Amino acid sequence: MNHPRHFLDLWKLDGADLRVILEDAKARKAARAGWPRGRIDADVPARDRTLAMIFEKNSTRTRFSFDAAMRQLGGDVIISNAVDMQLGRGEPIEDTARVLSRMVDAVMIRANTHADVERLAMSASVPVINGLSDKGHPCQILADLMTFEEHRGLVTGRTLAYVGDGNNVCASFIQAAPKLGFKLNIAAPAIYYPDLADLARAAALQGQVTTTHDPREAVAGADCVITDTWVSMGDTDHDERLEALEPYQVDAELMGLAARDAVFLHCLPAHRGEEVTDAVIDGPQSLIWDEAENRIHAQKSILAWCFGKI
Ligand code: CP
Ligand code: NVA
């Protein structure tokens with residue numbers, strides 16, 4: 001079997017690869033400024049390629065941005081919810097991988113459990129991309145870092161603060177920190193702490209990742225403040241989460257403790273009045289719409305990397 005370039009979590013990529021993807025995304029975005037959204041990039045890096053997308057969970061941004069991305073790269077897509085596939089009736093994910101590998105050139109999956117993303121990749125002979133699992137959201141974090149860099153320059157040496165649930169989004173930031181050399185301050189309550197294995201691995205790579213229960217401490221002087229929903233897809237302890245995470249709301253007062261030119265990021269969907277106030281998410285420091293758009297640009301470069309074009 002050949003060795004496809006999977007994009008499963010950020011641990012598996014070198015910092016140099018992440019940098020190549022980020023720079024390609026910025027260049028590709030700049031090259032098509034003012035173009036209609038449906039026009040194909042001049043180099044057509046996905047010519048004759050088809051991406052299959054499998055969704056075990058809901059999605060707006062990931063679904064539309066990967067579809068738009070493949071069209072802009074000159075390729076095609078086939079999209080299905082897992083529940084409509086035999087996968088949803090118990091067909092092994094390994095068999096799904098082998099079959100799709102005979103039909104398409106890459107597979108993106110949004111999965112309930114990260115182990116299933118890994119199993120899919122183990123049995124696939126084409127690249128597999130993680131479009132969110134319980135353990136990470138790597139495509140999102142590349143779009144986020146691209147957005148930060150567009151507005152504030154290189155992320156290397158800068159300080160990012162993640163406030164709230166130590167979830168999949170937080171995990172991918174932890175993984176990116178040592179790879180791209182930024183400082184990450186995380187504030188989370190003890191019961192919704194980030195993954196300890198991710199924290200240990202970041203430390204082993206000399207990553208500058210700190211954790212605290214105090215959001216004010218995490219945000220102090222930061223160049224970027226990030227939060228995410230308090231109740232992720234699949235979480236069942238809704239009421240407990242809202243209670244435990246209530247002190248972690250990003251409001252104007254908390255933003256005021258960050259650097260004067262700090263920016264705010266949120267992967268969306270947002271719950272205004274819970275993890276973030278209207279004043280912050282809809283305020284002048286918020287980059288959320290660029291961040292959402294950049295899902296397309298970052299994923300085009302992830303796809304180009306998977307196809308060996310960059
Ligand atoms: N941020 C993100 O992944 O959004 P969707 O759930 O809409 O895909
Ligand atoms: N942490 C959220 C992100 C949604 C894009 C979730 O997993 O539901």
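Table for the structure above
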quantity	calculated
Computed E for Asp14/Ala220 - FRET, C-beta separation, R0 41 angstrom, nearest 0.05	0.85
Potential extension, Ala31-Arg89 segment - 0.36 nm per residue separation minus Cα distance	16.5 nm
Inter-probe distance in nm under a simple model that places probes 7 Å from Cα toward Cβ, at Ser125 and Ile78	1.6 nm
Environment charge at Leu257 (Cβ cut-off 13 Å; Lys +1, Arg +1, Asp -1, Glu -1)	-3
Fraction of beta bridges assigned by DSSP in the chain that are antiparallel (%, nearest 5)	5 percent
Rounded to the nearest 20 debye, dipole of the chain from Cβ charges on Lys, Arg, Asp, Glu	1480 debye
Cross-link pairs Lys135/Lys179; Lys57/Lys183; Lys57/Lys135; Lys12/Lys57; Lys26/Lys309; Lys12/Lys179 - those with Cα-Cα distance over 21 Å	Lys57/Lys183; Lys12/Lys57
Length added when fully stretched, Ile191-Glu253, from 0.36 nm per residue minus Cα-Cα	19.9 nm
Simple Cβ-charge dipole of the range 69-220, Lys/Arg +1 and Asp/Glu -1, about Cα centre, in debye nearest 20	280 debye
Helical segments meeting 15 Å axial Cα length and Kyte-Doolittle 0.5 threshold in the chain (DSSP H)	168-180
14 Å beta-carbon shell around Trp11, net charge (K/R +1, D/E -1)	-2
10 Å beta-carbon shell around Thr113, net charge (K/R +1, D/E -1)	-2
Cβ charges +1 (Lys, Arg) and -1 (Asp, Glu), total dipole of the range 214-310, debye	740 debye
Longest site-free stretch - the chain; sites: trypsin sites (Lys or Arg not before Pro), DSSP loop, at most 14 other Cβ within 10 Å	103-259
Relative contact order, percent, the chain [alpha-carbon distance under 8 Å, six or more residues apart]	20 percent
Distance in nm between pseudo-label sites at Asn112 and Asp67 (7 Å out along the Cβ direction from Cα)	2.4 nm
Gain in span if fully extended, Met233 to Asp48, counting 0.36 nm per residue against the direct Cα distance	63.2 nm
Percent of C-alpha pairs per 5 Å bin, the range 180-230, short to long	5, 18, 30, 25, 19, 3
For the range 2-40 versus the range 178-232, the gap between their alpha-carbon centres in whole angstrom	25 Å
Cα convex hull of the range 193-310 - mean projected area over all directions, nm²	9.4 nm²
Cα-based Rg of the chain normalised by 2.2 N^0.38 Å, two decimals	0.96
Over 24 Å [Cα-Cα, the range 1-136], rounded percent	31 percent
Table column - 3J(HN,Hα) (Hz), the range 257-273, Karplus curve with 6.51, -1.76, 1.60, x for Gly and Pro	8, 6, 4, 4, 9, 5, 10, 10, 10, 8, 5, 6, x, 9, 10, 4, x
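Each value in this text was obtained by applying a stated rule to the coordinates, not by laboratory testing. As the structure is a computational prediction, the values presented were derived from the model and not from experiment. For neighbour counting, all protein chains shown are included, and Cβ atoms are generated from backbone atoms with ideal geometry for every residue, glycine included.
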